[in-house]
Amino acid sequence: MSAGDEGELTLTVRMRVSPEPEQEEAILDLMRRYRDALNYSIRVIIANKALSLNKAHRLLYKELRERYGLSSAIAVGCYREAIAIAKSWLRNPKRGAMPTTRRLSMWLAHELGYRVKGDYVELIGGYRLRVIGWDRRYDDFPNRDARLVFRDGEFTLYVAKRVPRPAKYAPKGVLAVDVNERQIVVGNSRVEIRVETPVERALHYRRLAERLQEKYSSTRYNAWLRRNGIRKRVRYFHRKAKNIIEDWARRTAHTIISLAKQSKLAVAREDLTGLIESLRRLPKGHRTALVMLGYRRLGYWLDWQAEKNGVPLFVVDPAGTSSTCPRCGAELVEAGHRRLRCPRCGLEADRDTIAILNIEGRALSKMGGTLTSPTAPQVTDVSPNRWGEPVNRPKGTLAL
Ligand SMILES: [Zn+2]
């Protein structure tokens, strides 16, 4: 999913589909040929710098049709996808080996490559897949291009839709999001909620994968390593770790955006680019990689869910959010484990609470006079005693 043009959003509707039993093998065969053709096309495009549709067409079309037996529309989809993959690989300054794909995933142009008819998806070439279930909320919007994926024994069709971008409401206040390695804190000067990150849980699977890899990477085990079973298990553990992070990021973002929408609040998050960059410079451990992934995915889903739900979102400068006083701007000093105190005005609070209040304050000042409610929480309105007494702040944990 990604944000589209100004007036519209592109979103993806997931359809579970199932081929007619007698066609299943033929569809899988088509998808394997597509994958092989795609890997071949990527190599040809990179070798010849054929990044335009014209060039790629001239170099590949005939071969994709004849050698890989792809129909016209699918062949065109195949080199288009190859161009996109080649471009992103060439753009990456730290690119490794030439990209190859193992997934069974086939790009389908709308109308030319596939169409949805009643309860069936028809692919070009006379293949039919029964639609088992899908999200019907977007049925009124026309289908765009789609992708057929076969994974873990199931077929899924991901259909792109263009939907109007919802209008944003005028916020009555701010819900700030602060992330750190162990948890994220969501709140403002009235509420505060803490959510654990799943980094430890995901790390468990990364370690299992690593242990397997280490064990079977000695030359003694070369024959073993080549055995599909081990490679599959290593991949499974890596994927499991990634999925844990992804699920958490998506659900957490959804919960935060729903909370904001209910109370007509804007969401404010820090610009994490700098943080991710500095983590990148650390020695690459599994933990660092997972923490980075979590930050990036949470940011992505927050932005996306905010767009989709018409929730105003502010990205604020992260500099000093957990070291300056949210009330008077002075440099804070340590006052115990994860607690900070302001030597100038006496404010004392937990480090994460300080960050939340600073993020809230920065978003409020970005919003300027757009608050619709005069009673909206303002950092400067709160009495010093309350800051020093976190007990007064309603706290809870989100059921995720
Ligand atoms: Zn102060």
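The values are calculated or read from the model by the stated rules, or taken from the named source; none is laboratory data. Fair warning: this is a prediction, and the values are worked out from it, not measured in the lab. Positions of Cβ are backbone-derived with ideal geometry, glycine not excepted, and every protein chain shown enters the neighbour counts. Please note that ligands, DNA and RNA were not included when accessible areas were found on the heavy atoms of the full protein model with its side chains. Shrake-Rupley method; radii C 1.70, N 1.55, O 1.52, S 1.80 Å.
Quick notes on this structure:
- Rounded, prolate or oblate (a/c below 1.5 giving rounded, otherwise prolate when a/b exceeds b/c) for region 132-224 by Cα gyration tensor: oblate
- Note on Y158 and T12: their simple-model spin labels are 0.2 nm apart, each label 7 Å out from Cα toward Cβ.
- Rg over Rh for the chain works out to 1.04, both radii taken from alpha-carbon positions and Rh defined as the Kirkwood radius.
- Since only L104, V17, S41 are under comparison, the one whose Cα sits farthest along the positive direction of the charge dipole of region 1-147, derived from C-beta charges on Lys, Arg, Asp and Glu, is S41.
- Of the solvent-accessible surface of the chain, computed with a 1.4 Å probe over protein heavy atoms with every protein chain present, carbon and sulfur atoms account for 49 percent.
- Charging the Cβ of each Asp and Glu at -1 and of each Lys and Arg at +1, and nothing else, the dipole of the chain about its Cα centre rounds to 1460 debye.
- Overall Cα dimensions of region 1-160 - principal axes, largest extent first, Å: 43, 43, 29
- Where labels lie 7 Å past Cα in the beta-carbon direction, separation of R344 and K232 in nm: 6.4 nm
- Farthest toward positive dipole pole in the chain [+1 Lys/Arg, -1 Asp/Glu at C-beta], among I27, V185, S278: I27
- Heavy atoms of the protein chains alone define the surface here; on that basis region 103-170 has 55 Å² accessible area per residue at 1.4 Å probe size.
- Cross-link reach list, lysines versus K49, counting only Cα pairs under 29 Å and skipping chain neighbours closer than eight places: K62, K87, K94
- For region 270-354: rounded, prolate or oblate by the Cα gyration tensor [a/c cutoff 1.5]: oblate
- 25 Å Cα-Cα reach of K261 towards lysines, excluding residues that sit fewer than 8 places from it in its own chain: K161, K168, K172, K308, K366, K395
- Taking 0.36 nm per residue of separation and subtracting the current Cα-Cα distance, fully stretching the chain between L53 and L112 would add 19.5 nm.
- Separation of region 95-154 from region 156-221 is 27 Å, based on Cα centroids.
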